[in-house]
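Read the structure below first, then the notes.
Bear in mind these aren't lab numbers, they're just calculated from the coordinates by the rules spelled out. Please read all numbers here as calculations on a predicted model, not as lab measurements. Counting neighbours? That spans all protein chains shown, and the Cβs are built from the backbone with ideal geometry, glycine included.
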């Protein structure tokens with residue numbers, strides 16, 4: 001088309017509706033030529049995107065068609081006085097479950113099946129639109145007649161913002177459509193009225209073809225630039241160029257990038273663009289290490305267990321400078337310091353240090369032997385003090401059962417082999433000889449004692465060469481008053497009564513007990529306290 005034709009159209013445009021019709025016809029011709037001859041990106045200009053028209057109730061903006069019922073051109077009618085977002089007027093729609101209002105427009109060029117388009121519009125919610133409302137909601141449909149709602153291309157969803165707000169929509173038609181229609185769709189029930197969706201509409205943009213893309217990213221390691229970013233455009237059987245920022249990368253996929261946010265612009269050969277923003281995070285590779293010490297000193301069976309989450313499986317594990325393995329458990333280890341390296345598929349690495357210590361060797365700190373009281377008793381004892389290993393310990397002597405008490409008792413004179421085991425089964429053994437220094441079994445009471453602190457006969461108590469039970473010693477003064485009593489054969493009277501040392505005199509004692517044969521015995525007599 002020659003320059004004079006464009007000049008004539010600009011003149012006609014000054015003369016109203018006929019000029020807009022001719023402009024629209026020209027736009028269709030131009031877009032079709034661009035699409036089919038020069039493969040330009042499709043741009044569809046809407047007629048009257050600013051929704052200008054005769055202000056009034058039941059009025060339709062110029063260039064639009066009432067798809068259902070009667071929309072309104074505002075402000076002014078219905079007591080709605082919000083200023084337009086653009087131009088001098090805007091459209092108003094309200095709907096309910098049984099009543100819908102919509103506008104439609106024959107497009108200058110059809111929405112093509114399989115392509116993607118971007119459009120924006122300013123919307124606001126009116127809390128009262130002839131009657132009370134609950135929310136605003138606008139839906140865009142594609143069809144081939146004003147009332148045709150063949151495909152729901154986009155919906156704003158319910159909103160209650162009463163100020164103008166810009167909404168952006170991506171339209172993806174699954175068929176070719178010559179009309180779009182916009183509707184105040186009741187998204188949810190309204191408790192205040194049966195027509196509870198009210199939306200104000202202004203300032204549409206052109207419908208511009210865009211490229212649909214899928215963006216993906218893999219995280220980067222903590223200490224290295226190992227992330228990846230990738231954009232995949234829908235295949236429109238054309239070529240694309242790419243520009244990533246930051247970095248000025250020009251390929252669809254970029255490797256070895258550090259963590260951060262990246263924006264890509266994809267441009268098709270016809271000039272259509274697309275893209276978006278993707279974030280390269282930091283690898284979530286997390287490792288924890290648990291050590292299991294050897295059961296016994298020098299047993300060579302310590303273990304290292306590694307737990308891994310995040311990152312990018314599969315994982316590889318390296319102990320010191322050995323070959324990488326898949327098993328996260330290392331067994332049969334000696335005491336020492338180890339380095340454990342964990343690597344994922346992205347070659348992110350964690351380095352852990354493990355310190356393995358064997359338990360202290362199980363050892364006998366002390367063996368105390370208590371002989372039998374006399375040759376006919378079984379009151380010998382072996383008392384063991386153990387160090388090292390892992391508590392608790394258990395003990396046994398000869399072929400007797402294991403016990404938790406470290407005192408091996410009720411032994412008669414003889415030679416014994418004892419064994420100690422810790423909770424891990426580590427063992428140590430030893431031997432003990434229990435003798436009987438007195439052949440005859442007896443209990444002897446002294447005839448005198450001298451509590452003068454010289455360490456010689458300071459206490460009144462019997463000399464016991466027997467295994468006694470149910471023992472009791474009572475001491476009385478010459479008037480029969482009790483001055484001392486004890487049920488412990490090892491305890492004796494020190495000559496004091498209520499903190500006062502007694503004068504030199506004779507005292508009466510009664511000593512009763514059961515002997516080794518459990519026979520009840522009693523010794524009575526007098527004893528002299530010497531000063």
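The Rg/Rh ratio for region 155-275 is 1.11, where Rg is the radius of gyration of the alpha carbons and Rh is the Kirkwood radius. Please state, rounded to one decimal and in Å, the Kirkwood hydrodynamic radius that region 31-166 gives when every pair of distinct Cα atoms enters the mean of 1/r. After inverting the pairwise mean of 1/r, the radius is 16.3 Å. Computed from Cα atoms, the angle from the helix 17-33 axis to the main principal axis of the chain rounds to 60 degrees. With one equal scatterer per alpha carbon and no solvent term, the Debye-computed log10 I(q)/I(0) for region 215-343 at 0.09, 0.15, 0.17 1/Å reads -0.44, -0.77, -0.88.
Peptide packing: for 369-375, 192-198, the average count of neighbouring Cβ atoms within 10 Å per residue gives the ranking 192-198, 369-375, highest mean first.
Entry note: region 172-234 has Rg to Rh equal to 1.23, where both radii use alpha-carbon atoms and Rh is the Kirkwood radius. Geometric descriptor of region 319-474, per residue, is 216 Å³ (volume of the convex hull of the Cα atoms). Restricting the calculation to alpha carbons of region 89-209 gives Rg and Dmax of 14.1, 42 angstrom. Here region 110-179 is treated as an ellipsoid with the same Cα gyration tensor; its semi-axes, largest first and in whole Å, are 27, 14, 8. Between the helical axis of 3-13 and the longest alpha-carbon principal axis of the chain there is an angle of about 80 degrees. When you count the other C-beta atoms within 10 angstrom of each residue and take the mean per peptide, 418-426, 284-292 line up highest first as 418-426, 284-292. Report Rg/Rh for region 63-121, rounded to two decimals, where Rg is the Cα radius of gyration and Rh the Kirkwood radius. My calculation puts Rg/Rh at 1.04. Sorting 162-173, 120-131 by average packing, meaning the other beta carbons within 10 Å per residue, from highest down gives 120-131, 162-173. Quick one: Debye curve from the C-alpha atoms of region 426-527, no solvent, what's log10 I(q)/I(0) at q = 0.13, 0.22, 0.23 Å⁻¹? So the normalised log intensities are -0.54, -1.20, -1.27. When the convex hull of its Cα atoms is viewed from all sides, region 286-356 shows a mean projected area of 4.3 nm².
For the chain, the equivalent ellipsoid derived from the alpha-carbon gyration tensor has semi-axes of 108, 35, 17 Å in decreasing order. Taking the three principal axes of the alpha carbon atoms in region 363-434, the coordinate ranges are 39, 22, 16 Å, sorted in descending order.
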